[in-house]
1. Could you check how many residues of segment 276-294 are surrounded by 22 or more Cβ atoms within 10 Å (Cβ to Cβ) and either in contact with a strand residue (DSSP E or B) (Cβ under 9 Å, 6 or more places away or on another chain) or assigned to a helix (DSSP H, G or I) (or both)?
2. Six or more apart or on different chains, Cβ atoms under 6 Å: show the pairs whose first residue is in segment 246-275 and closer than 15 Å to Glu465 by Cβ and whose second is away from the ligand (no atom under 11 Å from the Cβ) and among the polar types (S, T, N, Q).
3. Take Val194 and tell me if it is of a type in the set (Val, Ile, Thr), away from the ligand (no atom under 16 Å from the Cβ), touching a residue at least 12 places away in the same chain (Cβ under 8 Å) and surrounded by fewer than 22 Cβ atoms within 10 Å (Cβ to Cβ).
4. Yes or no: segment 420-428 includes at least one residue that is away from the ligand (no atom under 16 Å from the Cβ), in a loop (DSSP other than H, G, I, E, B) and out of contact with any helix residue (DSSP H, G or I) (no Cβ under 9 Å at 6 or more places or on another chain).
5. Looking at Asp115, Asp98, Asp50, Asp78, can you tell me which residue is assigned to a helix (DSSP H, G or I) and surrounded by 15 or more Cβ atoms within 10 Å (Cβ to Cβ)?
6. Looking at segment 232-245, which of its residues are touching a residue at least 12 places away in the same chain (Cβ under 8 Å), surrounded by fewer than 17 Cβ atoms within 10 Å (Cβ to Cβ) and either under 23 Å from Arg508 (Cα atoms) or touching a strand residue (DSSP E or B) at 6+ places or on another chain (Cβ under 6 Å) (or both)?
7. Could you list, in sequence order, all residues of segment 363-380 that are assigned to a strand (DSSP E or B), more than 7 Å from Thr240 (Cα to Cα) and within 13 Å of the ligand (Cβ to nearest atom)?
Amino acid sequence: MPQSAEPEWTNPLRDPHDRRLPRIAGPSALVIFGVTGDLAHRKLMPAIYDLANRGLLPPSFALVGFARRDWDHDQFADVVREAVEAGSRTGFRPEVWDRLAEGIRFVQGTFEDDDAFERLRATLADLDSERGTDGNHAYYLSIPPNAFPVVLSQLRRTGMADQTGDSWRRVVIEKPFGHDESSAVELNELVNSVFAEESVFRIDHYLGKETVQNILALRFANQLFDPLWSSHYVDHVQITMAEDIGLGGRAGYYDGIGAARDVIQNHLLQLLALVAMEEPVSFSPHHLQTEKIKVLQSTRNILPIAENSARGQYGAGWQGSEPVVGLKDEDGFAADSTTETFAAIALEVDTRRWAGVPFYLRTGKRLGRRVTEIALVFKRAPHLPFDDTMTAELGHNALVIRVQPDEGVTLRFGSKVPGSSMEVRDVNMDFSYGGAFTVSSPEAYERLLLDVLLGEPSLFPVNEEVELSWQILDPVLDEWAADGSPDEYESGTWGPHSADEMMSRTGRVWRRP
Ligand code: BG6
């Protein structure tokens, strides 16, 4: 049975009243299942080291890897070191590494192997007493969802999920959180049968990005934008997550999942919730979640879905100056795969603030370039006291939050072209993180792993958010499933023609970010 822990998001090492102080994790061990996977290697191991290098992990911190490989502690530590040297953001310092390496352990076994879980329990008990991790354990399930049930039941069987005294036990899970609403409900029930909801940390790494958190600062720390932030001035909102990479090597995860399940269900709907939500009572996790949930509850598909959505699959083409193959010729994808690599949907948020404002969400692989942005596109001025020719080059005003790369905010508006005549053209006013701040932004996984160890749940979606997001997406997926194959688009372009048609029907166009 899950133990109902009080939501704990304070840390004895920091003054809870001073949020400017660095937040340092308390004594703890992080166990990673799936430690031989790509995510652990590219993101988790470098992030752990970067936290240590920034002085945000306690001296007693321990990292435990669990996998099938026949490694001992030292061999695993070598693997971690290699990943850190290749991927760390903050540079390699031998003295930091040596301290971290002292707390690295490896447990060999399969998920079905009861003895291996006994060895894991013994390893953690040793760390608790020898290194002082104090019974505080986070279990990171960086594993395929079909392995969740067996690992969770092993954690329950061995008592490793049980909190005792002041110690805590947490579980971290990675998407996909199910493949539709009913499987998400089932998954949530399973996880919550072992860990109380307060101890479940669902990773949506977009919420760990600085620019995504800046949406809250931009909206609620300023007076300037709020009066414009509604249907009075906003014509529509475009949320774009474009990637130029293809799916070579990822068939195992992606085939049958597709772009909508992969990123719209989670990253893009979370961005929508942050852009559309009302001011929270405070930034406490509960108040933030309450406002995001209200948005997701009010969000509907614009009907008919067939005309207000588009999906595509990349064919051969170009990535930069390199010729690339289409999805069906990538390793592991079948010649008749109907997996979409591009998805666009149109939503409305049924509230007083947003009535009548479409939110267009799109994502794709092998598009023109890698860019994620949120654009509020404003209505045209109701009256222009100029001849038509003077404003022929004037577009819509727009406020663009540039999530990545080139993180920042752009305001687009019309300005007089220098010269003796009156001609108005669009110009950009830019804020760029790189120019304004001297420190580089932490990686999303640094922030999120630290928050797991601190027990701060603000940046992790709760089960209700996950289920509501599926309620929004399921009708689109059903419509697509009943409607044949995705349209092909050439790699290096901005998606299928059907995506442009979906917009042109409403007299709008996609931005070319
Ligand atoms: C992941 C998706 O969640 O986000 C990937 O599964 C995608 O398909 C990745 O490539 C993109 O992340 P980022 O941080 O590079 O935008």
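1. Residues of segment 276-294 that are surrounded by 22 or more Cβ atoms within 10 Å (Cβ to Cβ), as a first pass: 276-277, 292.
Filter once more, so that each one left must be either in contact with a strand residue (DSSP E or B) (Cβ under 9 Å, 6 or more places away or on another chain) or assigned to a helix (DSSP H, G or I) (or both): 276, 292.
Qualifying residue count for the region: 2.
2. Listed pairs, sorted by first residue: Gln265/Ser469; Leu269/Ser469.
3. No; evaluated as a whole, the condition is false for this residue.
4. First, the residues of segment 420-428 that are away from the ligand (no atom under 16 Å from the Cβ): 420-428.
Filter once more, keeping what is in a loop (DSSP other than H, G, I, E, B): 420-423.
Among the residues that remain, those that are also out of contact with any helix residue (DSSP H, G or I) (no Cβ under 9 Å at 6 or more places or on another chain) are: 420.
Yes: one or more hits.
5. Working: Asp115 fails: surrounded by 15 or more Cβ atoms within 10 Å (Cβ to Cβ); Asp98 fails: surrounded by 15 or more Cβ atoms within 10 Å (Cβ to Cβ); Asp78 fails: surrounded by 15 or more Cβ atoms within 10 Å (Cβ to Cβ).
After applying the criteria, what remains is Asp50.
6. Tyr233
7. Gly364, Val371
Rundown of residues vs (1) modelled with pLDDT of 95 or more; (2) on the phi > 0 side of the Ramachandran plot, yes/no style:
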site: Gly435; (1), (2): no, no
site: Thr438; (1), (2): no, no
site: Tyr445; (1), (2): yes, no
site: Leu449; (1), (2): yes, no
site: Gln471; (1), (2): yes, no
site: Asp483; (1), (2): no, no
site: Tyr489; (1), (2): yes, no
site: Asp500; (1), (2): yes, no
site: Gly507; (1), (2): yes, yes
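The values are calculated or read from the model by the stated rules, or taken from the named source; none is laboratory data. As the structure is a computational prediction, the values presented were derived from the model and not from experiment. Ideal geometry is used to build each Cβ from the backbone, glycine not excepted, and the neighbour counts take in all protein chains shown.
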